[in-house]
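The values are calculated or read from the model by the stated rules, or taken from the named source; none is laboratory data. For clarity, every value in this text was computed on a predicted model and none was experimentally measured. Methodologically, a virtual Cβ is constructed for each residue, glycine included, from the backbone with ideal geometry; neighbour enumeration extends over all protein chains shown. All accessible areas refer to the heavy atoms of the entire protein, side chains included, with ligands and DNA or RNA removed. Shrake-Rupley method; radii C 1.70, N 1.55, O 1.52, S 1.80 Å.
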Amino acid sequence: MLSVFLLWIAPGLENHAAEAEVDAAGEPSDEESAQELEPDDSAARAQLLNSAAALEQRLATLNQTAGPYDPARLEVQQDLARLQQELNNHETAEQLLSDSLQLARLNYGLYDESQVDILKALVATRQSLRDWEGTDAAAHLLFQIQRRLHDPDSVEYTAALLDYSRWQITASRENLLLRPGSTQAIMAIRELIQEQRRALDEARQRQNASQQWDLLNAIASTEIEMARQYDYQRLDDLLLNEPRFVTETVCRLVTDGAGGTQRVCYQQQVNNPDYYRSARRERVNQLERARYALMQTADEMENFSEEHPGFTADNEAEVAARLEEMREMNNELGRMVRRARLRSW
């Protein structure tokens, strides 16, 4: 199976999939997690609790004086959500942020900038809760809003795309949302690469070296994930021209009642050997295409390091490490192609 090179992933998410396998009955509650603070942290915890109580009182006052839909509640609710996060009360924080999101949309419209910080916090909170579908919904909505707020050729749009890509790659790599190798999973990765490529063209037009490098890293990680998805494909996921079963005529001699024999023929469905040969050939071709795409990206990264000597000098260790990882990954994909040639279904 494809080795995972952590070229470019969302910080703090590497172990979420393994942690998600823990029996829910054995997971501590928010209150128990908060109580695990060391004795030296008791003063800090008390201060957080006092601050949270003060904010809750402010919300109660606002509710009486201004009503439950007043936008003045937004800042207070977000501050309280941050405190609840620090206290490991993630479910409480998630509810506060969800309420804030609805309040912002009610007061300022569906795509107002006021939702950006709320959604960023909501993504982080739902990750803490290991609510992957909820995280994905918040991440999608966040990116939709940012796409409306920023032009496709802007620095801000590229930054938003990079954040969105980190989540998408992690969700795909950890199999958090879709079955690996499914048509939906592969299409999502393909569309992400196309979006990243468009952003890279714009970054080159702007001559933004830092974002070019970040996008090349993002594209490389996404292409590696594409190869992994190809390697997970089932027979039913492949779109092949050959039918899986063919009909053949079978004849045999049977005895008749008079002691003689007669030839009886009938038709039956059997596995089509060409179907399995076609499936193996398609998988090999897909992996070869993924490897070729990664080789092209590796060449682009090499060229980038030569064309931007200032950036390369300032980030010498990182650039060298990434280029070496790309070479290793290309070798790994070569081994995957060779294994695919020998693999049977």
Heavy atoms of Arg45: accessible area, 1.4 Å probe, square angstrom to 10
60
For the range 134-247, dividing by residue count, accessible area per residue (probe 1.4 Å) in Å² works out to 44
Within the chain, percent of DSSP bridges classed antiparallel, to nearest 5
100
Specify the residue with the greatest mean-square fluctuation among Glu307, Glu248, Glu91, computed from a Gaussian network of the chain linking alpha-carbon atoms under 10 Å apart.
Glu248
Just how large is the dipole of the range 227-340 about the Cα centre, in debye to the nearest 20, putting +1 at every Lys and Arg Cβ and -1 at every Asp and Glu Cβ?
1220
Whole Å is fine, so just give me how far the alpha carbon centre of the range 54-129 lies from that of the range 233-278.
65
Quick one: order Ser154, Ser42 from most to least accessible surface, probe 1.4 Å.
Ser42, Ser154
With the contact rule set at Cα under 8 Å and sequence spacing of 6 or more, what percent relative contact order holds for the range 111-156?
44
Relative contact order for the chain: what percent, with Cα pairs under 8 Å and sequence separation of 6 or more?
15
Would you list Arg147, Arg206 from the most to the least accessible area, probe 1.4 Å?
Arg147, Arg206
How large is the charge dipole for the chain, taken about the Cα centre, if only the Cβ atoms of Lys, Arg (+1) and Asp, Glu (-1) carry charge, to the nearest 20 debye?
2240
Just the number, please: carbon plus sulfur as a percent of the accessible area of the chain, 1.4 Å probe, no ligands or DNA/RNA counted.
46
Of Leu235, Gln102, Gln196, farthest towards positive along the dipole that unit charges on Lys, Arg, Asp, Glu beta carbons give the chain:
Leu235
Computed accessible area, Cys251, all protein chains, 1.4 angstrom probe, square angstrom:
50
I need the peptides 213-222, 168-177, 329-338 ranked by packing, meaning the mean over residues of other C-beta atoms within 10 angstrom, with the highest value on top.
213-222, 168-177, 329-338
Of (i) -0.35, -1.11; (ii) -0.26, -1.03; (iii) -0.27, -0.93, which one was derived for log10 I(q)/I(0) by the Debye sum over Cα atoms at q = 0.06, 0.13 Å⁻¹ from the structure shown?
(i)
Of the candidates Gln267, Asn208, Asn331, the farthest towards the positive dipole end of the chain (Lys/Arg Cβ +1, Asp/Glu Cβ -1, centred on the Cα centre) is Gln267
Specify the angular offset, from 0 to 90 degrees and rounded to the nearest 10, of the alpha carbon long axis of helix 42-65 from the longest principal axis of the alpha carbons in the chain.
80
